Structures are given as structure tokens and as C-alpha cells.
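Accompanying notes for the structure given below.
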Amino acid sequence: MPTNNPLQLTNLDAGLYLRKSRMEEGLDTDEVLARHQKALLDYAKEHGIHIIETYPEVVSGESLYARPQMLRLLQDVEDGRYDCVLCMDLDRLSRGRMKDQGIILDAFKDSDTLIVTPEKVYNLADEIDEEYAELKTFMSRREYKIINKRLRRGLQQSIEDGCYVANAPYGYKKITIDRKPTLEIYEPEAKFVRMMFQLYTQGYGCTSIARYINALGARPHRSAEFNRSSVSRILHSPVYVGKIVWNQKKHIKKGVKGNSKNIVIYQPKEKWTITDGRHPPIIDKELFDQVQAILDKRYIPSKNDGTIKSPLAGLVKCANCGMNMQRLVMKGEPYLLCNRPGCCASTRLSLVEERILEYLARTLEELTLSPTGTLDNRDTSVLETTLEAIQKELSATQRQKARLYELLELGEYDIPTFRERMDAVRNKQAALERKEADILRTIQDSKTANTATLAEKIRYVLDNYSTSDAAQRNALLHSVVQTVFYHKEKKTKPTAFYLDFVLSPS
Ligand SMILES: [Zn+2]
């Protein structure tokens, strides 16, 4: 809803978009943009809005594809990088062909990003936004599809030309040669890429490699540290021998399938399209092939092929870091392990599964013994202590963020450093928030669970478990257990792991 009360905005992260208005068409671009920039920076300062990056549109094409800064801004908006985008007026963003307006406005709407102008604040995510509705009527769903297809065709062309259009992969920086985007080697990261490939041929696993390069100060682009999957993705990526891979990732937008944010799925190799790029390789072909040969031998079919292979999928979380525990086959035997290197020790999956079934059997017994059908000894005090600790940590990250802004404003940090630090803090915050939500739900559930039906459900699970396949077992367990928190110290006996159970609300 458009609101005339921008004074309530505070502590927002913003992108700043600069473009001449129609009226200023004849004037000197640099001069006009500098003036707008000053006005908007003053506005931002006054309202406690933090400008993370500026997008000055020097070329002024009507079509979206002739506005490189807008395309860059849209990408960042879609990635959910900003709370708002600051510009002189709505017209700067949306002027152009109607179809393009739809794409632009959708990006803001889907990512919950506000448009802030000195006059008004627009929240397109709000369905009763009249102006938005008005604009939307110009563009039918069909038109959107057509333009989307055209955008895709454009990307396809870039790929055939050997241009690199996505964000720069680790080890590279994005540059433009002959007006075409490509990559150049970024040595501070490339040295770690070489290290990863070399260590792998020496027999190190992805987790040990992650631990090793983390210790040497390597930092991936979008998270605080390398882990087994991010190392594995790099080792698999033909981009490091000068190729371009298309269809490697599938994006599922926020809101689709009930996701609270945009998620990325890595597709199996068979679905990739690989073409020659224009960028220099970091790894020579021989080393790359050597690594692929080892990887193929250890290859485990992707967990994203649609079939559930672990009866414990999505059920067990690391009590240490809150991440989902992953199934991984080691020495021919499935194990359950935390993706974060060095976080907690892994355990044979079958042992954990057994322990869960034992717990369910015990719970059923208690439920049937108690005449009222209630469990009165469900102690939530441990959970409450954990919750307190998490909330403390959350306020600490809040303070860290504020401090980062200060350092940026003092000029202690340049934008890339600031972003890197901020991303790390944000990742940490997100993980903590997930953990907090889980625990809150758990506490709530243990207070309200209807135990009579729970007993029936558990009996059903136990009766049918042995005759079910992995996917069915997974569904059965999910019907009674919401989360199992797993903990194991290093160098302890195989059975010396601890499980904390959170039963499903009935
Ligand atoms: Zn962990």
C-alpha cells in the first residue's frame, strides 16, 4: 500500500537506483545523476536507511534489456538482498514498455522489497496496493510468459557465445570483454580452487578439504565457510576448465511450494548442458579428469532425484548447529552426518533409526500405561534454556550488524568487504532464527499434544515399519516425530550419541 509516512522506515538495507527522468533527457547525465544521488543520500541518512550499493543507469534505453543497471538491480532484488530500493520516483523504475514493467514490479513484489521515493513508500507485496493493481492490468499472464521465454532465449544465446551470465563462481570475477560478460581469474580465490583439486587427488575427502581451506582463511561467496557440499560442487564444476554449465541449478521461487524464501536445487549431471566458455581455466584438463574419475567412483546419486533414500530425511537436526543431518554412504554403509565440517561426529544411520524406534515403543508404552493418556513428565526446561541462549546470540548478531554499518560509514570497510562480512552475519542470524522457530514450536507442541491420538499413530507406525520402503518409513516417522535433535562428541563409542525428540502436534 502506498503510504505517506516514510518516517517509520529505519535500519533498512537499500539499493540506490539512479536514472534520468523524461524531462531531463537533454541534460548532462553525470550531472543529473550526481544531483539525484545527493538528494537520495540525504534522504537515506535522515531516515536511517543504509545504502549498500548504487545502480547508476547511464544508458537510457526504453527496453529492459537496454538497461544493464536495472537488470543487475533486479537480480539483486530477486535474491532478496535489500529491504528496499531507493529512487527519485516510481517512474524511474517502471518507465518503459508495459511488459517490462510487469517483470520489474513482480520482482519487487515476490521478494518483499519496498520501493522508497522521497514522496511515497510502495509495498507491492500488499495486495490492496491500488496503483500496483492498476499497472498489473496492463499485462496479462500470457504476455509475461512470452517475455520470459524471450529472456531465456537471450540467455541461451549468451551461452552459445561462451558468455558467462550468472554470478561469478568462486575463483573468478565477472568482467566484460567486447561488451560480452565473461570471467577473469581472481587469484586470492583461485589458489584455493587449485588446492581443492590437488588435495582431492591426494585422497582427501570433501569434508577434510573444507576444514583445511577454512582454516587457511578461504571464504565462499554466500556463506561463512566451506562445507562438504560446497567443496564437492566446485570439484564437479566444468567452469574451472573453461566450460560453461547451463541448467546446473533449478530455482524455486519464494512462496512456491510453501517456501519462505528462494531456494536452489542442484540438478544431477545428466541434466546439465555444457558448452565452451570464453574464460580462462583455473584447473588443467588432466587434473580435472583425474578428479572426475575419483568422484565417479565415489558417486552417490543425487538426493534431489525425487526418491527418498533415507528413512530419516528431513527429520534429524544437528543439536549443535541446527542444520539438517545428511545421509552419506561411507565404506558401503549409510551414515548420518552434519554438513558443517568439524561440527559433530557422525553415526551409522541404522543405529539412529533403531534408537528412534526404541523411543517410539517406549513412548507408546508410557501412553498406554497412563490412564488419562497424558504424558506429564514432558520436561521443556532444557528447551527453554536453549531458547534463551539462542535469543542472546540473536541480539549479539543484531549488534554485530549495527557495528558493520558503522564501519562502512566510517569508511573502514569497502563495499565488497562489508558485503562479505554482512552476508556471514546474516547467514548466522538466519540459522539462529530457524533454530529459534523450531524450538518455540517444540515447546508449544509438547504442551498441547493430544496424546490419545498420538498413541494410535505411534502404534500404526510401529506395526507397519518393517514392511515399508525408505520413503514410506520416512513418511511414517514424520507422522509422529517432528524433529530429532542429534548430538555426538568426537572420538566416542559408535553408540554414544544423544537424541532429543520433538513429537508432532496431533
Ligand atoms: Zn552441526
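Where strands (runs of 3 or more DSSP E) fall wholly inside the stretch 168-265, the ranges with 1 or more residues that are surrounded by fewer than 18 Cβ atoms within 10 Å (Cβ to Cβ), among the basic types (Lys, Arg) and modelled with pLDDT under 80 are 180-185, 249-252. In the condition set (1) closer than 22 Å to residue 500 by Cβ; (2) at pLDDT below 80; (3) surrounded by 12 or more Cβ atoms within 10 Å (Cβ to Cβ), residue 390 is compliant with all but (2). Selection of the stretch 329-340 for residues being modelled with pLDDT of 85 or more and away from the ligand (no atom under 15 Å from the Cβ) yields 333, 334. Restricting 37, 101 to residues that are of a type in the set (S, T, N, Q), at pLDDT below 70 and surrounded by 14 or more Cβ atoms within 10 Å (Cβ to Cβ) narrows the list to 101. Taking the numbered list (1) modelled with pLDDT under 90; (2) in the same structural domain as residue 248 (by TED's automatic domain parsing) in turn, residue 286 passes all entries but (1).
Determine whether the stretch 310-328 contains at least one residue that is away from the ligand (no atom under 14 Å from the Cβ) and at pLDDT below 85. The answer is no; no qualifying residue exists. Scanning the stretch 458-475 for residues that are without any contact (Cβ under 8 Å) to a residue 60 or more places away in the chain and of a type in the set (A, V, I, L, M, F, W, C) gives a single hit, 475.
Can you tell me which residues in the stretch 318-342 are assigned to a strand (DSSP E or B) and of a type in the set (A, V, I, L, M, F, W, C)? If the condition is that a residue be assigned to a strand (DSSP E or B) and of a type in the set (A, V, I, L, M, F, W, C), then 318, 328, 329, 330, 336, 337 are the ones that fit. Cβ-Cβ distances below 7 Å connect the following pairs, each with a first residue in the stretch 323-334 that is in contact (Cβ under 8 Å) with a residue 12 or more places away in the chain, a second residue that is away from the ligand (no atom under 15 Å from the Cβ) and part of a strand (DSSP E or B), and a separation of six or more residues or different chains: 327/334; 333/348.
The set of residues in the stretch 459-506 that are out of contact with any Ser or Thr (no Cβ under 7 Å at 6 or more places or on another chain), charged (D, E, K, R) and either surrounded by 14 or more Cβ atoms within 10 Å (Cβ to Cβ) or not in a loop (DSSP other than H, G, I, E, B) (or both) comprises 459, 463, 473, 500. Please verify whether the stretch 397-405 includes one or more residues that are closer than 30 Å to residue 365 by Cβ and crowded, with 18+ Cβ neighbours inside 10 Å. Scanning the stretch 397-405, I find no residue that is closer than 30 Å to residue 365 by Cβ and crowded, with 18+ Cβ neighbours inside 10 Å, so the answer is no.
Just one of (1) surrounded by 17 or more Cβ atoms within 10 Å (Cβ to Cβ); (2) at pLDDT 80 or above fails for residue 427. It is (1).
Does residue 343 fit the bill of being within 16 Å of the ligand (Cβ to nearest atom) and either farther than 14 Å from residue 483 by Cβ or free of Cβ contacts under 8 Å to residues at least 40 places away in the same chain (or both)? It is true that residue 343 is within 16 Å of the ligand (Cβ to nearest atom) and either farther than 14 Å from residue 483 by Cβ or free of Cβ contacts under 8 Å to residues at least 40 places away in the same chain (or both).
The values are calculated or read from the model by the stated rules, or taken from the named source; none is laboratory data. Bear in mind the structure is a predicted one, so any value in this text is a computation, not a measurement. When we count neighbours, we look across all protein chains shown, and the Cβ atoms used for this are built from the backbone with ideal geometry, even at glycine.
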